[in-house]
Amino acid sequence: MLDYPRKQAESGKDRMNETNSQISVSLWRGAEDGRYETYTVPKRESQTVLDVVTFVQRHIDTTLSYRFACRVGVCGSCAMTVNGKPRWTCRTHVSKVADSGHLEIGPLENLPIIKDLATDMEPFFEKWQQADGVFAPTKTRRDAIEQIRPDSMARKAVDAVIECINCGVCYSACDTVRWNEDYLGPAALTRAWTLVNDERDGGNKARLQAIAGSGGCHTCHSHQTCQELCPQTLNPTAAIAGLKRRTAAAYLKGEL
Amino acid sequence: MNVRLYVWQRGTAALMAPLVLIHIAVIFYATRQGLSAADILSRTRGSVVWAAYYGLFVAAVSIHAAIGVRNILSEWSPVHDRSAGRVALAFGLILAAAGLRAIYGLVFA
């Protein structure tokens, strides 16, 4: 194992001592009542934020807890708050976010902290269930497969947001979630939007009722932080706007 | 905010957009023509059109503002939704009463 300096207390002097070959990184340690602690990590070419966290865990403090899996932007496990903004750390290069040469990495906001950089994602996925984000089939295995035209309006609406990887970045970035813990959040509502537009799905009446109440899609203020920070460059705000229109139309028709 | 409040707030906002423009145009007309209070009252007294126009305006404002106050209270204060709804209802009724009193003075007094 390489011999690297142990944890260093954060101070202006540490920052002054930083060289071009090193990077200073503050990591959240502990649970809700924790604090940031600062480490020095060697700088590498094409280094990602996840590389930095992994370095600290492998070489400086093995008790550091964090979550990752694929390391290539598919699984959505490694999102953290990097210099104040939620990001997927495996695809975020240090050179893009550490303008001052310093990184501050914390757990995702708006979610309970388990330990260090790992948050409890249960409230996030609970809201998927509350938004009725589960496919309701209308056919059996003996029926013919539904033909969906790729150029249909509904299919295009699904295509626009179907690549969500459930990383929680939008949920963490959302001011409305911060203010109102009952708000379902961008990811759950975007999932609901894909099902509302799924021609094979038969659960829209219950789904629209689930998202039309208090804490549902109408709670969104359209701040658009979700679409600004979504690592997949999806636009949850547009999906939520679609749900607002769809539920309003259903209400006016007396269906809700 | 739920879909019922959303529809009423957006609906009253859509209604108020042309009403506000007409209201501003009337103010510009009255000031540029140098109309006195007596001149204005002579045009509005007994007018069903002005009563209906400002009656609709007052109703839209009262509903729209009350829903907005409810949202602000429920999002920015520790007040629960039900209490916020009651405060907003009282606020809306005060606005409506004040507006209708003004219309009474403009058209019927």
Open item on the list: At a threshold of 8 angstrom on Cα-Cα distance, excluding pairs fewer than six apart, so keeping six or more, what relative contact order does segment A:12-119 reach in percent?
Closed with: 31
- [ ] Could you work out, for the protein assembly as shown, what percent of all Cα-Cα pairs fall into each 10 Å distance bin, beginning at 0 Å and stopping at the bin that holds the largest distance?
- [x] 5, 18, 22, 18, 16, 11, 6, 3, 1, 0
Task: Within segment A:144-175, backbone nitrogen closer than 16 Å to the virtual label 7 Å beyond the Cα of residue A:199 toward Cβ - done: A:144-160
Open item on the list: A 25 angstrom limit on the alpha carbon distance is what I want to check against. Which of A:85/A:115; A:96/A:156; A:127/A:253; A:85/A:205; A:127/A:205; A:96/A:127 exceed it?
Closed with: A:96/A:156; A:127/A:253; A:85/A:205; A:96/A:127
Open item on the list: Under 5 Å between amide hydrogens, which residues at least 5 positions from residue A:116 or on another chain qualify, with H placed 1.01 Å from N in the peptide plane?
Closed with: A:30, A:31
Task: Residues residue A:232 and residue B:93, FRET efficiency given R0 of 51 Å [Cβ-Cβ distance, rounded to 0.05] - done: 0.60
Task: Computed E for residue A:140/residue A:58 - FRET, C-beta separation, R0 56 angstrom, nearest 0.05 - done: 0.65
Open item on the list: From Cα pairs below 8 angstrom and at least 6 apart in sequence, can you work out the relative contact order of chain A, rounded to a whole percent?
Closed with: 16
Task: Cβ charges +1 (Lys, Arg) and -1 (Asp, Glu), total dipole of chain A, debye - done: 600
Task: For segment A:69-84 and segment B:1-79, distance of Cα centres in Å - done: 49
- [ ] Give, in nm to one decimal, the length gained when the segment between residue A:245 and residue A:31 is fully stretched (0.36 nm per residue of separation minus the Cα-Cα distance).
- [x] 73.0 nm
Task: Relative contact order %, segment A:48-110, counting alpha carbon pairs below 8 Å whose residues are six or more apart - done: 34
Task: Reachable aspartates and glutamates, given that their alpha-carbon falls under 15 Å from the alpha-carbon of residue A:244 and they are not under 8 places away in the same chain - done: A:255
Task: In nm, spacing of pseudo-spin labels at residue B:43 and residue A:214 (7 Å Cα→C-beta vector) - done: 4.7
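Every number here is computed from the coordinates shown, using simple stated rules; none is lab data. These numbers come from a predicted model, not from an experiment. When we count neighbours, we look across all protein chains shown, and the Cβ atoms used for this are built from the backbone with ideal geometry, even at glycine.
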